[in-house]
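The values are calculated or read from the model by the stated rules, or taken from the named source; none is laboratory data. These numbers were taken from a predicted model, which means no experiment stands behind them. Heads up, the Cβs are rebuilt from the backbone with ideal geometry, glycines too, and the neighbour counts pull from every protein chain shown.
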Amino acid sequence: MTVWRLVGLIAAFNAMTFGNGPVMIPLLRDSLVGRGVLATDALLYAFTVARITPGPANVYVAAIGYMLFGLPGAGLCALALLLPGYLMLPLEYGYGLIRSARVVSGFTRGLIGASVGLILAASVEMARDSLTTPLAWVVFVLAVVAAAVLRWNSLLVLLVPSALGLALALFS
């Protein structure tokens, strides 16, 4: 994998997913983790860092670029991610004109359903790779309850279960 191949993948996936960062996860998982370029833990770490970092949700690709190619990789990946959004601004006017068309709204609903399916499938695959110990499962369940049931802030969802995991690891 070269830095230019990574930038090309990110640009293509960004276009395919309309800039939806979480939907890019399964595509990046297949292309990077599936080919041995990046470990699942590193992909999850990059995604986690982006969740607590202010800015776009898909900025984790800059972390991936940094992990693989240092600061130049981070900059190029961020540029591949952000530049199309700015280039698309003039097209927003045209989309406003066709947004209410049945074909466009049907496509949008289908895209949303497919996106959620891809995110779920990638989550299941990453869980198989990462949740291999009882401690990992305890922290996972706590994080799901904190996020989905208690509706905690994302930063708290990361900090509290992680602190519990640290405490359990130290005292067991």
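Worth pointing out:
- Residue in the range 89-103 that is within 23 Å of residue 40 (Cα to Cα) and either β-branched (Val, Ile, Thr) or loosely packed, with under 10 Cβ neighbours inside 10 Å (or both) present: no
- Only one of 45, 60 that is within 20 Å of residue 127 (Cβ to Cβ), without any contact (Cβ under 8 Å) to a residue 24 or more places away in the chain and under 13 Å from the mean Cα position of the chain (by Cα): 45
- The residue that is modelled with the lowest pLDDT, among those in the range 120-139 that are of a type in the set (A, V, I, L, M) and exposed (fewer than 14 other Cβ atoms within 10 Å of the Cβ), is 121.
- Annotation: of all residues in the range 9-26 being outside any loop (DSSP other than H, G, I, E, B) and touching a residue at least 60 places away in the same chain (Cβ under 8 Å), the one that is surrounded by the fewest Cβ atoms within 10 Å (Cβ to Cβ) is 15.
- Checking 50, 42, 46 one by one, the residue that is in a helix (DSSP H, G or I) and modelled with pLDDT of 90 or more is 42 and no other.
- For the range 102-122, the set of residues classified as of a type in the set (S, T, N, Q) and in contact (Cβ under 8 Å) with a residue 12 or more places away in the chain consists of 115 only.
- For the range 66-110, the set of residues classified as touching a Ser or Thr at 6+ places or on another chain (Cβ under 9 Å) and modelled with pLDDT under 90 consists of 99 only.
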